[in-house]
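Visitor: Could you have a look at this structure, given as C-alpha cells, before my questions?
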Amino acid sequence: GDYRMCVDIIRSSAVFHSFVDFGRAVDELNRPGGRVKIVRTKDRVTKPLPSGYRDVLLNVTVEGCEMVMELQLHLKDVIAVKEEAHRIYDFMRTLGWEKDEIDAGPQSLSAHEVNKAARRASVSAAVVDHTFLE
C-alpha cells in the first residue's frame with residue numbers, strides 16, 4: 001500500500017533504430033552531472049524474457065522532481081514483434097493459462113493450439129534474435 005513506491009505513474013518510451021543509437025542514449029542518461037538520475041535498471045537486453053523479448057526499463061528522477069518515473073528503451077525491430085507476442089499472451093490467458101503453468105505443460109490446449117502458439121513464439125524469437133545478431 002504505499003503509493004509513494006509506485007514508479008510508473010509517469011511512463012514514456014523511446015524507440016531506437018539501431019543498437020548504436022540505443023547505446024548512446026544509455027551512455028547519455030548515465031552521464032555524470034546530467035539532469036536525469038537513473039535509480040533502478042531492468043536490463044532485459046542481456047537477460048531477455050523467456051519469450052526472447054528484449055528492452056531496458058529505467059526508473060529515473062529528473063532534476064527538481066523527486067517523483068520516480070519509468071523510461072522504456074526499445075529497439076524498433078524488437079518492438080515490432082511485441083504486438084504479436086502480446087496477442088499470443090492474451091490468447092493464452094483467454095484459454096486459462098497462468099504464468100506458473102508453463103512447466104506443467106499445456107494440458108488445457110488442443111494439439112493444434114499448442115502447435116500454432118509454438119510457431120508464433122518461434123517466429124517472434126527468430127525476429128528478435130536476428131535483430132541482435134546484425
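The values are calculated or read from the model by the stated rules, or taken from the named source; none is laboratory data. Remember, it's a predicted structure, so these values are computed and weren't measured experimentally. Neighbour counts are summed over all protein chains in view; Cβ atoms, including those assigned to glycine, are modelled from backbone coordinates with ideal geometry. Quick note on the areas: whole protein, heavy atoms, side chains included, nothing else; ligands and nucleic acids left out. Shrake-Rupley method; radii C 1.70, N 1.55, O 1.52, S 1.80 Å.
Visitor: Starting from 0.36 nm per residue, how many nanometres of slack lie between Val15 and Val62 once their C-alpha separation is accounted for? Display every interim value, and only then the final one.
Guide: Details: separation 47, 0.36 × 47 = 16.92 nm, distance 1.99 nm.
Computed gain between Val15 and Val62 is 14.9 nm.
Visitor: What's the carbon and sulfur percent of segment 1-72's accessible surface, probe 1.4 angstrom, rounded to a whole number? Don't skip to the answer; put the middle values down first.
Guide: On the way: 2860 of 5150 Å².
Carbon and sulfur together cover 56 percent of it.
Visitor: Val45's amide H: which non-local residues (gap 5+, or another chain) put their own amide H closer than 5 Å, with H modeled 1.01 Å from N in plane and none for Pro or chain starts?
Guide: The list, which skips near neighbours in sequence, is Asp55.
Visitor: Given H placed on each backbone N at 1.01 Å, which residues far from Gly52 in sequence or on other chains put an amide H within less than 5 Å of it?
Guide: none
Visitor: Per-residue HN-Hα couplings for segment 85-94, Karplus 6.51 cos²θ - 1.76 cosθ + 1.60 at θ = phi - 60°, whole Hz, x for Gly and Pro?
Guide: Here the 3J(HN,Hα) series is 4, 5, 5, 5, 4, 4, 4, 5, 5, 4 Hz.
Visitor: Work out from phi, with θ = phi - 60° and the Karplus expression 6.51 cos²θ - 1.76 cosθ + 1.60, the ³J(HN,Hα) of each residue of segment 19-28, listed in order in whole Hz, and give x for Gly and Pro.
Guide: Once rounded to whole Hz, the list reads 5, 4, 4, 4, x, 4, 5, 4, 4, 5.
Visitor: Quick one: grab the alpha carbon gyration tensor of segment 3-97, order the square roots of its eigenvalues as a ≥ b ≥ c, and give me rounded if a/c is under 1.5, else prolate or oblate depending on whether a/b is larger than b/c.
Guide: oblate
Visitor: Would you calculate the separation in nanometres between label points at Arg93 and Lys47, each defined as 7 Å from the Cα along the Cα-to-beta-carbon direction?
Guide: 2.4
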